[in-house]
Amino acid sequence: MKKNNPLILHIETATEICSVALSEGDRLLQVIDYDQSFSHAEKLMELINEVLEGNRLKTSDLDAVAVSIGPGSYTGLRIGVSTVKGLAYAMEIPVIAISTLSSIALGAKKSVNINGSYKIAPMIDARRMEVYTALYDWEGVRLNEVHSEILDENSFREFLVKEPILFCGNGSNKFKPLVEGNSNALFSDATLSAKNMVQPALIKYKNEEFEDTAYFEPFYLKDYIPVKSTVKGLYSN
């Protein structure tokens with residue numbers, strides 16, 4: 001039965017940050033952000049247990065579980081989604097999928113003191129000068145397709161000549177030197193966190209916008225291409 005103030009566990013593993021949050025209705029109970037460069041396999045269940053135990057709760061108390069769906073790290077997304085599927089099956093609770101880019105955009109919006117409605121361009125680092133990105137309005141509506149882009153001096157030029165854009169996410173630092181001196185290019189240093197999933201996850205819960213636990217997959221955007229590790233015989237993502 002749907003509740004007015006559901007207990008929702010939020011899991012964010014799309015980038016190098018492993019983050020877990022717990023909410024009751026629209027109230028954030030606790031969040032843990034662990035930034036130790038892709039340690040999700042070792043830390044995710046530990047963080048989940050820490051958050052639940054810190055609030056004297058068990059997985060059986062949860063009403064839903066939300067997960068950052070991508071785009072992002074292939075390995076990170078796979079770990080997050082497989083963990084969520086396991087919890088959802090075991091507890092017989094619904095799964096809520098949240099766009100990683102929209103979560104970044106929401107976090108950036110909350111981090112700045114800006115008067116007026118700007119566009120927001122979250123960026124996820126995809127190695128070298130490539131990022132995963134999309135453009136959002138100030139209310140969080142996506143204005144174009146999620147895509148990969150090789151950054152250069154001409155990126156976003158058609159938008160920047162018209163209005164200010166707030167760039168954010170772990171890929172935006174690569175773009176900053178390319179638009180230095182452009183007063184319409186603004187930047188937020190807000191980091192990706194599961195706490196930014198609370199509001200959109202609650203809306204989806206109330207609207208019963210749940211995923212098919214058996215069949216839903218992360219949004220990888222691009223096919224996985226293994227990269228040769230510096231350790232002989234190993235590959236990394």
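Can you confirm whether GLU158 is of a type outside the set (Ser, Thr, Tyr), surrounded by fewer than 19 Cβ atoms within 10 Å (Cβ to Cβ) and under 30 Å from ALA64 (Cα atoms)? No, not satisfied.
For the stretch 18-36, a residue qualifies if it is aliphatic (A, V, I, L, M) and within 21 Å of THR100 (Cβ to Cβ), and the qualifying residues are VAL20, ALA21, LEU22, LEU28, VAL31, ILE32. Of all residues in the stretch 116-158, those satisfying the criterion of being hydroxyl-bearing (Ser, Thr, Tyr) and in a loop (DSSP other than H, G, I, E, B) are SER117, TYR118, SER155.
Flag not set for ALA21, criterion: on the phi < 0 side of the Ramachandran plot, under 17 Å from the mean Cα position of the chain (by Cα), in the same structural domain as ARG127 (by TED's automatic domain parsing) and crowded, with 16+ Cβ neighbours inside 10 Å.
The values are calculated or read from the model by the stated rules, or taken from the named source; none is laboratory data. All values derive from a computational prediction rather than experimental measurement. Note that we place each Cβ from the backbone using ideal geometry, even for glycine, and neighbour counts take in every protein chain shown.
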